[in-house]
Every structure is written in structure tokens, then in C-alpha cells.
Amino acid sequence: MTVAVNAIICHDFPFSTGGYMQAIRLDSVVSSYVQQVPRSRDVLDEIRTSDPELVDEWEAGRIPDLLEFLLTAFSRPILLPLLRSGEPSFGDIDACFGYIEGLSSNESDHFRESMLFGVFEQFLEGRDIVLRAYRYSLPVTRSRIVGMLSTYPETYNEIRPDLEALDG
């Protein structure tokens, strides 16, 4: 089977959106966010009340600081609360991890570092959060989570059996 560059097959994962996941480019980070992530418009509207120029920049496809966007508009207000909820709505969590997979599929150093600090290291809030994130993640995201955890050998060794059990 031939697959386009930056595309992955997601249909083998129980929480996947199916089909192919294309890498999200910097100029489409916000448009993809609004299209894919539940409550994204509400979060942007809330941020707009305190910093309208920033949201205008984001919506125009100009992201001067991807890490700031991920923390301010995605990880803290949307993703982490879903992961903390124990059993999040399938549609909501699936959409978030589809978005994460698209971002993670962008191989640029800028994206990799922003995703590491803005999304993956946020999972270190607790063991349950890491395990839920891993459970719902797609292939590229799973490899990034393992890569992040491997930089914390003690944590990784403690949680590794649980991750392997989720892999089946």
C-alpha cells in the first residue's frame, strides 16, 4: 500500500477517526482546531475578551508562538479537563486526539518542541492522565508520548507495563 508523505493510517485504533491523517501546517493550526476540536470556538471567544488582537492573529493563520496557542487554547482549557474527567465523551476525546495526531504528524522541529511542552508534558500531571492520553492516542501521538516518557526513566519504567497492556 502506498501512502502519501505525512499521512498515516488510523483505522486500526479503537478511538480513531479512521482513514488518513494529514500533518497540520502552521497556517492551518487554528482553522483545524476550530473544525475538529469541540468547544474551540467558545475558548477562542473567551480569550478574545482579554486579547482580541491575539485571536485575530491566530484566526488569520499567524501563530507567532505555537506553544502559547497550544497551552492557552487547547491543552489547559479543553484537553486536560477531558482527560481528568475519567470517561470523557467519545466524540470529544476522539476529535481532540485526531487534532493532536495531525499536529504530531508535522515533522518540523518547531512543531515537535511545541507539542512536547504544550501537550505531551502536560500529561505528566498524573499517572491516570498519561494512561488515558495513551489509551486514546493514535500511532504518531503514541510514539511521541513514549518518547517523552523515555526522558523520565523512573516514570517510564513504572508506567511501562500499563502502556504495554493498553497496546494489547
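Among the residues of the range 94-113, those that are open to solvent by less than 10 Å² (accessible area, probe 1.4 Å) and among the polar types (S, T, N, Q) comprise Ser104, Ser105.
For (1) within 28 Å of Asp27 (Cα to Cα); (2) among the small types (Gly, Ala, Ser); (3) at pLDDT below 95, each residue gets a yes or a no:
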{"site": "Leu67", "(1), (2), (3)": "yes, no, no"}
{"site": "Gly118", "(1), (2), (3)": "yes, yes, no"}
{"site": "Gln122", "(1), (2), (3)": "yes, no, no"}
{"site": "Leu166", "(1), (2), (3)": "no, no, yes"}
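Arg112 - would you say it is of a type in the set (Lys, Arg), assigned to a helix (DSSP H, G or I) and within 20 Å of Glu46 (Cβ to Cβ)? For Arg112, the condition - of a type in the set (Lys, Arg), assigned to a helix (DSSP H, G or I) and within 20 Å of Glu46 (Cβ to Cβ) - is not met.
Reported count of residues in the range 43-82, each being among the β-branched types (Val, Ile, Thr) and loosely packed, with under 12 Cβ neighbours inside 10 Å, is 1. Residues of the range 2-42 that are open to solvent by 70 Å² or more (accessible area, probe 1.4 Å), at negative phi, modelled with pLDDT under 50 and part of a loop (DSSP other than H, G, I, E, B): Thr2, Val5, His11, Asp12, Pro14, Thr17.
Being of a type outside the set (Val, Ile, Thr) and in contact (Cβ under 8 Å) with a residue 40 or more places away in the chain holds for only one residue in Glu53, Glu87, Glu46, Glu113, and it is Glu113. When the range 83-93 is filtered for residues that are surrounded by fewer than 21 Cβ atoms within 10 Å (Cβ to Cβ) and assigned to a helix (DSSP H, G or I), the ones remaining, listed by number, are Arg84, Phe90, Gly91, Asp92. Taking every residue in the range 141-166 that is over 20 Å from Gly118 (Cα atoms) and pairing it with any residue that is surrounded by 13 or more Cβ atoms within 10 Å (Cβ to Cβ) and of a type in the set (A, V, I, L, M), at least 6 positions away or on another chain, the pairs with Cβ-Cβ distances below 6 Å are Asp162/Leu131.
The values are calculated or read from the model by the stated rules, or taken from the named source; none is laboratory data. Remember, it's a predicted structure, so these values are computed and weren't measured experimentally. A quick note on method: Cβ atoms are made from the backbone with ideal geometry, for glycine too, and the neighbour counts reach across all protein chains shown. Surface areas here come from the heavy atoms of the whole protein model, side chains and all, with no ligands, DNA or RNA. Shrake-Rupley method; radii C 1.70, N 1.55, O 1.52, S 1.80 Å.
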